[in-house]
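Each remark here refers to the structure printed beneath this line.
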Amino acid sequence: MIDGAITLMRERGVAATSFAEVLARSGAPRGSVYHHFPNGKSQLIEEATTSASRWVGTGIERILEATDTVGALRALVDIWRSGLESSRYEQGCPIAAAALGTERGARIIAGTSFDSWCALLTTKLTGEQVPEERAGSIAVLIVSSLEGALILAQAQESSDPLDAVVDELELLCRSAVHPST
């Protein structure tokens, strides 16, 4: 049911994610919804946001461990581009959906998720000798820019916004890591 909720959030947003559609996607019996989610839709959306946050965060960690910041940005954009294109631009980011959604608890979880991603990027950038304060502001810019580019790409049914943003972020990160070059 959580996976079904995540998919629906990615496709339609939080407000349009209903128990009926989650049940249809998951094949779970109707009675199981209130057994697993006694606090209703808000609990389902919060748990789906937490699950999606863990999954995306783990992916970001793995990518950051495997390469430098610029390489990680390119790898993340390639993954997101692939997801957008394979869904014909119907599936966006479930964390952004939660952040913009109608469930306050899920918005808080989304905010914590974004903070976590920023912390991961800040750590990576400081490890590449970027001063901590600058690394923190660049990390916020990266997360904000990539999420915004995902939204634009989905709305325009084109990966061009992702490409434009990653190109600019690459220049910024290179200049921050190697200020004299």
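The values are calculated or read from the model by the stated rules, or taken from the named source; none is laboratory data. A quick note: this is a predicted structure, and the numbers were derived from the prediction, not measured. Cβ atoms come from the backbone with ideal geometry, glycine included; neighbour counts cover every protein chain shown. Heads up: the accessible areas ignore ligands, DNA and RNA and are worked out on the full protein's heavy atoms, side chains in. Shrake-Rupley method; radii C 1.70, N 1.55, O 1.52, S 1.80 Å.
Contact map, the range 78-97: first residue at positive phi, second residue assigned to a helix (DSSP H, G or I) and not hydrophobic (A, V, I, L, M, F, W, C), Cβ cut-off under 7 Å, separation 6 or more or different chains; pairs are Y89/Q154.
Taking the stated definitions as given, is S158 of a type in the set (S, T, N, Q), open to solvent by less than 70 Å² (accessible area, probe 1.4 Å) and part of a helix (DSSP H, G or I)? First the steps, then the outcome.
Values: of a type in the set (S, T, N, Q): yes; open to solvent by less than 70 Å² (accessible area, probe 1.4 Å): yes; part of a helix (DSSP H, G or I): no.
So S158 does not fit the description; no.
To keep it simple, each residue is scored yes or no on (1) open to solvent by 50 Å² or more (accessible area, probe 1.4 Å); (2) under 25 Å from A153 (Cα atoms).
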| residue | (1), (2) |
| --- | --- |
| V14 | no, yes |
| S32 | no, no |
| S42 | no, no |
| V70 | no, yes |
| A75 | no, yes |
| G92 | no, yes |
| D115 | yes, yes |
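The residues of the range 131-148 that are in a helix (DSSP H, G or I), without any contact (Cβ under 8 Å) to a residue 40 or more places away in the chain and closer than 25 Å to P179 by Cβ, listed by number, are E132, E133, G136, S137, I138, A139, V140, L141, V143, S144, S145.
For the condition within 17 Å of the chain's Cα centre (by Cα), among the charged types (D, E, K, R) and surrounded by 14 or more Cβ atoms within 10 Å (Cβ to Cβ), what is the one hit in R81, R54, R62? Full working, then the answer.
Working: R54 fails: surrounded by 14 or more Cβ atoms within 10 Å (Cβ to Cβ); R62 fails: surrounded by 14 or more Cβ atoms within 10 Å (Cβ to Cβ).
Being within 17 Å of the chain's Cα centre (by Cα), among the charged types (D, E, K, R) and surrounded by 14 or more Cβ atoms within 10 Å (Cβ to Cβ) holds for just one of R81, R54, R62, which is R81.
Looking only at helices (runs of 4 or more DSSP H) that lie completely in the range 1-76, which have at least 2 residues being under 11 Å from P94 (Cα atoms) and either touching a Ser or Thr at 6+ places or on another chain (Cβ under 7 Å) or modelled with pLDDT of 85 or more (or both)?
Because the criterion is at least 2 residues that are under 11 Å from P94 (Cα atoms) and either touching a Ser or Thr at 6+ places or on another chain (Cβ under 7 Å) or modelled with pLDDT of 85 or more (or both), the helices (runs of 4 or more DSSP H) in the range 1-76 that meet it are 2-12, 41-66.
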